[in-house]
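Below you'll find the structure, written out as structure tokens, and then a few comments.
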Amino acid sequence: MAGNSQRRNRRTSNKKGAQVGSGGQRRRSLEGRGPTPPAEMRKGHAKQRAAQARARRATGRPAPRRGGPKGTAELVVGRNPVFEALRDGVPATTLYVQQFIDSDDRVRDALRLAADRGGIHLLEAPRPELDRITGGLNHQGLVLQVPPYDYAHPDDLTAAAFDAAEDPLIVALDGVTDPRNLGAVVRSVSAFGGHGVVVPERRAAGMTAGAWKTSAGTAARTPVARATNLTRALQGYQKAGLMVVGLTADGEAEVNDLELLEGPVVVVIGSEGKGLSRLVSEACDLRVRIPMPGGAESLNAGVAAGITLYEAARRRRAGTGR
């Protein structure tokens with residue numbers, strides 16, 4: 001009996017006593033945090049960036065305009081290239097004509113176009129001088145001096161859009177080295193109401209005479225900005241409220257489903273062969289693809305820009321009821 005009593009006492013002594021309560025903290029921790037805030041109030045959401053961009057426009061404080069670097073002068077040589085450059089509106093400062101040149105229709109037409117445009121100096125020079133300034137190229141007696149292109153600063157493009165009370169629509173090119181592709185992109189940006197093109201300062205096509213010709217004159221009214229570092233320029237656009245969308249074959253969404261095109265956006269296009277570089281791809285908010293039922297592996301920059309900008313223009317017109 002004594003042994004049984006001792007065992008009961010041990011069980012009683014090991015029994016836990018009353019516990020300190022949680023004070024309701026556990027119950028409160030299970031409570032919800034309230035309704036989900038609207039997209040415009042969620043940090044980092046696309047609609048919040050768009051709302052911030054609209055607020056900047058409303059307060060009349062667009063991004064500062066700082067201008068960009070100038071390009072280098074260029075020479076167009078040969079009778080057909082000179083005539084075509086003058087016909088297509090490529091900027092020019094001086095037309096050099098060889099002394100005692102055998103004049104033909106191309107020479108006469110080039111001289112007429114230069115005279116009609118005005119502001120182009122006509123200089124007659126001996127053949128050895130033309131050989132010298134062209135580095136011995138086959139100039140055929142005609143050389144056209146193209147002035148350095150006056151590049152914009154990336155901030156200029158958003159400032160112009162905000163001034164016009166519009167959501168910026170910008171195309172950035174990553175690793176596109178063919179000036180004709182750049183000219184085609186400039187033409188598409190102009191056709192579909194975009195606000196400009198951004199190109200890197202290095203290892204990229206610039207606004208040469210070839211780019212001017214391919215743009216079919218639209219380069220005169222569509223600015224091209226040059227960025228020292230494209231990744232930093234894209235990050236600057238994000239801080240200004242723009243979404244950065246990269247075109248790539250393995251994108252997680254299709255461009256025809258992209259509602260982001262209705263708001264402030266930068267469309268980034270890579271080269272046809274390599275696509276987007278790693279750092280630029282990582283800087284994008286979203287990567288999208290263009291559906292190609294025909295099975296083509298890629299599109300050149302000019303075609304890709306045209307398709308995407310058309311979709312952006314269609315959505316923006318639908319959004320305004322026009």
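Computed from the C-beta positions of Leu286 and Arg221, the FRET efficiency with R₀ = 41 Å rounds to 0.90. Computed extension gain for Leu279 through Ala73, at 0.36 nm per residue and net of the alpha carbon distance, reaches 71.0 nm. Residues whose amide H falls under 5 Å from that of Met243, counting only those 5 or more places apart or on a different chain, are Val265, Val266, with hydrogens built in the peptide plane. When DSSP beta bridges are restricted to pairs lying wholly in segment 87-219, around 35% turn out antiparallel.
For segment 61-213, the carbon plus sulfur part of the accessible surface works out to 48%, probe radius 1.4 Å.
Karplus-based coupling profile of segment 127-139, in residue order and whole Hz: 4, x, 5, 5, 4, 5, 6, 9, x, x, 6, 7, 7, with θ = phi - 60° in 6.51 cos²θ - 1.76 cosθ + 1.60 and x standing for Gly or Pro. The label-point distance for Glu252 and Gln235, in a model that sets each label 7 Å from Cα toward Cβ, rounds to 2.1 nm.
Please report how far the C-alpha centroid of segment 72-86 lies from that of segment 236-295, rounded to the nearest whole angstrom. Centre-to-centre (Cα) distance: 36 Å. Working from label points 7 Å from Cα in the Cα-to-Cβ sense, the Asp150 to Ala191 distance is 2.8 nm. Under a 5 Å amide H cut-off, with hydrogens placed 1.01 Å from N, Thr94 pairs with His121, Gln145 among residues at least 5 apart or on other chains. Using a simple spin-label model with pseudo-atoms 7 Å out from Cα toward Cβ, Asp131 and Thr94 lie 2.0 nm apart.
The values are calculated or read from the model by the stated rules, or taken from the named source; none is laboratory data. Here the structure is a predicted model, which means the values were calculated and not measured. Positions of Cβ are backbone-derived with ideal geometry, glycine not excepted, and every protein chain shown enters the neighbour counts. Protein only, heavy atoms only, side chains kept; ligands, DNA and RNA dropped before computing areas. Shrake-Rupley method; radii C 1.70, N 1.55, O 1.52, S 1.80 Å.
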